[in-house]
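The values are calculated or read from the model by the stated rules, or taken from the named source; none is laboratory data. In this text the structure is predicted, and so the values were computed from the model without any measurement. Cβ sites come from the backbone with ideal geometry, for glycine too, and all protein chains shown count toward neighbours. In case anyone asks, the SASA skips ligands and DNA or RNA and just uses the protein heavy atoms, side chains included. Shrake-Rupley method; radii C 1.70, N 1.55, O 1.52, S 1.80 Å.
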Amino acid sequence: MDAQDTKSAQRLSQAYGGAKAVVQHYADSGVAEIVILDAVSASSPQPYVPYEDAAQLGMAVPPDQLVQVGQVACVVYNQGTAAGQKPTAESVVVNYCQRTGSGLTVQLRASGDLQHQPQQMAALVEKAWTALS
């Protein structure tokens, strides 16, 4: 993954006009959980998710949702759960979580069980933010 991370970091840097950037893959020993950290020395816009009326759709929560956890915004896809029912943890899929500001943007994407836990992903973004700022 080192070569892939290096090339991805170069692309991320180019996307931000040459700003310093790093991309790093992390995995547990069984490679069941994979986390990808993207960080760039530049601010970014906040994530955007279109408005969807869950009630109008007959769903408990909208399919696309922006979940704010402190300073971290997580873009979430919710698998269909009928109105009046409680979504299961597995029905929540975090596309990515991001914190931005003060000339730094940190994003985190994950696979495995972690992708169903926006609170834990946001906590990891905060840890990375603190380490990099």
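Of note:
- Surface accessible to a 1.4 Å probe, per residue, for the residues of the chain, Å²: 58
- Estimated 222 nm signal from helices in the chain, with DSSP H stretches of n ≥ 4 weighted -39500 (n - 2.57), rounded to 500: -7500 deg cm²/dmol
- Relative contact order for the chain, counting Cα pairs under 8 Å that sit 6 or more residues apart, in percent: 21
- Taking Cα centre as origin and charging only the Cβ of basic (Lys, Arg, +1) and acidic (Asp, Glu, -1) residues, the dipole magnitude of the stretch 35-133 rounds to 220 debye.
- Remark on N95: its backbone amide H falls under 5 Å from those of V75, V76, Y77, a criterion applied only to residues 5 or more positions apart or on other chains, H modelled at 1.01 Å from N.
- All other residues whose Cβ lies under 12 angstrom from that of Q98 are scored, Lys and Arg at +1 and Asp and Glu at -1, for a net of 0.
- Calculated FRET value between Q4 and Q119, using beta carbons and R₀ = 35 Å, to 0.05: 0.75
- Sum of side-chain charges, N78 neighbourhood, beta-carbon under 15 Å (Lys, Arg +1; Asp, Glu -1): -3
- Across the options M59, S29, Q71, the greatest Cα extent toward the positive end of the charge dipole of the stretch 21-104 (unit charges at beta carbon of Lys, Arg, Asp, Glu) belongs to Q71.
- Taking a straight Cα-Cα cut-off under 29 Å and skipping sequence neighbours fewer than 8 places away in the same chain, the lysines within cross-link reach of K127 are K7, K20.
- Between 0 and 90°, nearest 10: helix 118-132 axis offset from the chain longest Cα axis: 20
- Between 0 and 90°, nearest 10: helix 2-15 axis offset from the chain longest Cα axis: 80
- Choice from L114, L66, L57 showing the highest fluctuation, given a GNM over the chain with Cα pairs closer than 10 Å: L57
- Overall form of the stretch 1-121 per C-alpha gyration tensor (a/c, 1.5; a/b vs b/c): oblate
- Taking G30, G112, G70 as the candidate residues, the one with maximal mean-square fluctuation in a Gaussian network model of the chain, Cα springs under 10 Å, is G30.
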